[in-house]
């Protein structure tokens, strides 16, 4: 079993603040999906989403390396989050016909690794983006604190 150690969070955002960020992210994603539609690769959607997030004045990082700690072993860049927005929300971009438990679990692991309270799985491969959005929470709104005996 891997023990995931959670990174300390800076400031605790309120549920209202996190939901406001989430709404802006979803609005940005809907705009990208309307303009491009389904059928492209993730590599096409991600930069377009970055443009829309920037237009909305959101602070974000892309391709963020996440570290896994297993006892004394530290695996740098064990995972990579597509986006971290306002240091509160992790976004995982997909372009699949359907998303399942595997993709949801991947995002849950990212949240637990870094202690973020909310993740959005955005599947641009869905015919209607609203059908391709999955909201994943991690002790919302505070996020995880401390160590856990979670399996990664």
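Would it be correct to say that residue 59 is over 14 Å from residue 134 (Cβ atoms) and more than 16 Å from the chain's Cα centre (by Cα)?
It is false that residue 59 is over 14 Å from residue 134 (Cβ atoms) and more than 16 Å from the chain's Cα centre (by Cα).
Within the stretch 94-130, track down each residue that is outside any helix (DSSP H, G or I), in contact with a strand residue (DSSP E or B) (Cβ under 8 Å, 6 or more places away or on another chain) and closer than 21 Å to residue 20 by Cβ.
If the condition is that a residue be outside any helix (DSSP H, G or I), in contact with a strand residue (DSSP E or B) (Cβ under 8 Å, 6 or more places away or on another chain) and closer than 21 Å to residue 20 by Cβ, then 116, 117, 118, 119, 120, 121, 122 are the ones that fit.
Restricting to the stretch 15-35, count the residues that are closer than 14 Å to residue 122 by Cα and loosely packed, with under 15 Cβ neighbours inside 10 Å.
Here the count works out to 3.
Residue by residue through the stretch 60-92, note down the ones that are more than 19 Å from residue 141 (Cα to Cα) and not in a strand (DSSP E or B).
71, 72, listed by residue number.
Given the residues 142, 88, 114, which is the only one that is farther than 23 Å from residue 33 by Cβ, buried (at least 17 other Cβ atoms within 10 Å of the Cβ) and either at pLDDT below 95 or under 11 Å from the mean Cα position of the chain (by Cα) (or both)?
114
Would you tally the residues in the stretch 55-73 being within 20 Å of residue 31 (Cβ to Cβ) and in contact with a strand residue (DSSP E or B) (Cβ under 8 Å, 6 or more places away or on another chain)?
Count: 4.
Which ones in the stretch 131-144 are free of Cβ contacts under 8 Å to residues at least 40 places away in the same chain and assigned to a loop (DSSP other than H, G, I, E, B)?
Residues satisfying the conditions are 138, 139.
Condition (residue is closer than 25 Å to residue 17 by Cα, buried (at least 21 other Cβ atoms within 10 Å of the Cβ) and touching a helix residue (DSSP H, G or I) at 6+ places or on another chain (Cβ under 6 Å)) applied to the stretch 72-81: is it met by at least one residue?
Within the stretch 72-81 (the criterion being closer than 25 Å to residue 17 by Cα, buried (at least 21 other Cβ atoms within 10 Å of the Cβ) and touching a helix residue (DSSP H, G or I) at 6+ places or on another chain (Cβ under 6 Å)), the answer is yes, since at least one residue qualifies.
Hey, can you tell me all the residues within the stretch 43-61 that are within 11 Å of residue 93 (Cβ to Cβ) and crowded, with 17+ Cβ neighbours inside 10 Å?
45, 46, 48, 49, 50 - these are the residues of the stretch 43-61 that are within 11 Å of residue 93 (Cβ to Cβ) and crowded, with 17+ Cβ neighbours inside 10 Å.
Hey, can you tell me all the residues within the stretch 52-71 that are over 17 Å from residue 33 (Cβ atoms), modelled with pLDDT of 95 or more and touching a helix residue (DSSP H, G or I) at 6+ places or on another chain (Cβ under 7 Å)?
58, 60, 62
The values are calculated or read from the model by the stated rules, or taken from the named source; none is laboratory data. Remember, predicted model here, so these are calculated numbers, not experimental data. Note that we place each Cβ from the backbone using ideal geometry, even for glycine, and neighbour counts take in every protein chain shown.
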